[in-house]
Amino acid sequence: MHKFGLKHIAAAAVFGLSAASASAVVVTVTPPGTALTNQGLISSVGGLACANISFNDSTNLTTFANPSTQCSGITYTPGSGRAYVSGSVGSQHAAPPDDTSVFLTVSPSQDGKSGDTPVTITLPNDANYFGFYAASLDPYNYIEFFENSTSVGKYSGTQLASLAGLNATGDQNAGLYFNVFLSKDLSYFNKVVLTSTAYAFETDNHSFGIATAPETVPVPGVLALLSIGLVGIGATRRKQA
């Protein structure tokens, strides 16, 4: 078990990427998300084409269209049903801290219970930024970015949790807002694939667009940059058994 402080962490790390993408990636900690009542954290990055998909505004996200946002044309597959839940259910899904709203849970079929993995997010235009709120990261959670059919980066829950000084052990109260930046000069994406080989990968408050990372570290030979903003909430607790 571990404790996660309320202050955000300043750190940097270098991870290897998949063979289909770059040979290395620079990871820096950037400003955390912004708290929103009953929603947990949302992106604090300004000027985004799609500032926030909360999953509360539509019962069917197969073709997401919300006239109050600029997120029209973004599709989620599957776009409805058991992947969109609220609250916590033991051994199935856990709501991120302070999030009483609908969120996305990615999980396989297991123990006679049904699930949805992967969940594929398709964008109508290229982006270099993806923001998402998450908690209870586990080693079997994965996020991968594609430009058409080419992978431009894949990251596990272990890699993401380590940026906060945590192990990926399903800590429900470690609420993190991730600001993911690929170098806009070198790499874009138009598809995001979320997978989990066990229960579960929970996220909420997605945002997309073209954005400049607040901080970049030039490294020779690096073809993509990933910046992740983290903030921790509360004390330590393992995912419900």
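Does at least one position in the range 173-189 carry a residue that is among the aromatic types (Phe, Trp, Tyr), under 24 Å from Leu123 (Cα atoms) and modelled with pLDDT of 90 or more? Yes; the residues of the range 173-189 include at least one that is among the aromatic types (Phe, Trp, Tyr), under 24 Å from Leu123 (Cα atoms) and modelled with pLDDT of 90 or more. Remark: pairs (first residue in the range 81-106, in contact (Cβ under 8 Å) with a residue 60 or more places away in the chain; second residue charged (D, E, K, R) and in a loop (DSSP other than H, G, I, E, B); Cβ separation under 7 Å; 6+ apart in sequence or on different chains) = Ala94/Lys239.
Within the range 29-79, the residues that satisfy the criterion of being assigned to a loop (DSSP other than H, G, I, E, B), at pLDDT below 80 and closer than 12 Å to Gly131 by Cβ are Pro31, Pro32. Among the residues of the range 92-129, the ones that are outside any strand (DSSP E or B) and modelled with pLDDT of 90 or more come to 9 in all. If you go through the range 190-229 and keep only what is modelled with pLDDT under 80 and either part of a strand (DSSP E or B) or among the aromatic types (Phe, Trp, Tyr) (or both), you end up with Ala224, Leu225, Leu226, Ser227, Ile228, Gly229.
The values are calculated or read from the model by the stated rules, or taken from the named source; none is laboratory data. Keep in mind it's a predicted model, so treat the numbers as computed, not measured. Neighbour counts are summed over all protein chains in view; Cβ atoms, including those assigned to glycine, are modelled from backbone coordinates with ideal geometry.
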